[in-house]
Amino acid sequence: MSLPAFFDLSGRTVVVTGAASGLGLAIAEAMLQAGARTVMTDVDADALATEHRRLQAAHPLAESAVLDVTAPGAVDALIDDVAARHGALDCVFANAGISAGRGFMVDTGRLENLDMANWDRVLRINLDSVLVTVRAAARHMKPRGQGRIVVTSSIAGLRSEALSGYAYVASKAAVNNLVRQAAMELAPFNVLVNAIAPGPFATGINGGRLRLPESVERMRTYIPLGRVADPREIQGLALLLASPASSYMTGAIIPVDGGASAR
Ligand SMILES: NC(=O)c1ccc[n+]([C@@H]2O[C@H](COP(=O)([O-])OP(=O)(O)OC[C@H]3O[C@@H](n4cnc5c(N)ncnc54)[C@H](O)[C@@H]3O)[C@@H](O)[C@H]2O)c1
């Protein structure tokens, strides 16, 4: 296979959850640029419509569907519909996720002050919904003997993280082992399951806190590369994991973090 063909997604169908903003939006754009029919999904109907319109102007293969990943029936129905309409489903990005608020650097993030309703909400979106999305994708990919599933985890799932809330670090650590477990079950069926573990990216998460000057300043010393990332800096790894170039990769949790997890 020639080098450009390694990264060519023409004729492939991809679904991205949480695609109206931040990393999911950047991932969807990368898939479209590589030639894939890309179904952008998100719970935020207005933002989704705006971003879909914008991308579709340059990429006619962009589609969109409003989807709340906390509704298992809706996730199954969306995946079934995409696979039925396009004949196959090649890659699913389980990307939608939320912050749990700040970590133990502030009062509200300390053990004695934890809000269990917040814990439940974060686990439902960041963990339960990932399982439901992986399951829905696997149901189509396994009988076909090929497919890619990519989960957006976090470096906060690899080690402790003072800046992130308990529910967030716990959900992302759980997701990492969910990815390894699903990778082992699905390896005999040539369905490859991997995770991207981002460091700090300037997105809308947590009310856009990572875009604030105080965060940018903090990351100057906290991150070896000395800065917060632009969402487009996720695109290279997303393309690799969706494309023929990563045909021998499964069960990997890959940081894109400016060196933070190597510290
Ligand atoms: N930005 C970072 O620094 C960072 C770091 C590590 C991991 N991540 C992970 O990246 C993923 C994307 O986050 P982001 O930073 O792009 O944030 P973002 O807020 O910009 O985008 C998240 C998107 O998910 C959508 N969403 C939220 N709940 C949903 C639901 N129930 N159903 C469907 N869609 C839903 C939101 O509407 C939003 O469009 C998350 O899993 C997050 O944990 C982000």
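The values are calculated or read from the model by the stated rules, or taken from the named source; none is laboratory data. Note that the structure is predicted; figures quoted are calculated from it, not measured. Here Cβ is always computed from backbone atoms with ideal geometry, including for glycine, and neighbour counts include all displayed protein chains. Ligands, DNA and RNA are excluded from the accessible area calculation, which covers all protein heavy atoms including side chains. Shrake-Rupley method; radii C 1.70, N 1.55, O 1.52, S 1.80 Å.
Solvent-accessible surface (1.4 Å probe) assigned to Arg121 amounts to roughly 120 Å². With Cβ to Cβ distances under 15 Å as the rule, what net charge do the other residues near Ala49 carry (K, R +1; D, E -1)? Neighbourhood net charge equals -3. Modelled label positions at Met1 and Arg211, each set 7 Å beyond Cα in the direction of Cβ, lie 3.6 nm from each other. Note on Glu112 and Arg53: the model spin-label points, each 7 Å out from Cα along the C-beta direction, lie 5.1 nm apart.
Averaged per residue, region 3-253 has 44 square angstrom of accessible surface, using a 1.4 angstrom probe with ligands and nucleic acids left out. Once both labels are positioned 7 Å from their Cα atoms along Cα-to-Cβ, the gap between Ala84 and Leu225 label points is 4.2 nm.
Gain on full extension, evaluated as 0.36 nm per residue between Tyr248 and Gln181 minus their Cα-Cα distance, stands at 22.4 nm.
On the protein heavy atoms, probe 1.4 angstrom, tell me the percent of accessible surface of the chain carried by carbon and sulfur. Of the solvent-accessible surface of the chain, carbon and sulfur hold 56 percent. Amide H to amide H distances under 5 Å link Phe93 with Val15, Val16, Thr17, Val150, where only residues 5 or more positions off or on other chains count and H is placed in the peptide plane. The alpha carbons of the chain occupy a box of 52, 37, 33 Å along the principal axes, longest dimension given first.
Estimated from helices alone, the mean residue ellipticity of the chain at 222 nm is -13000 deg cm²/dmol (sum of -39500 (n - 2.57) over DSSP H runs with n ≥ 4, per residue).
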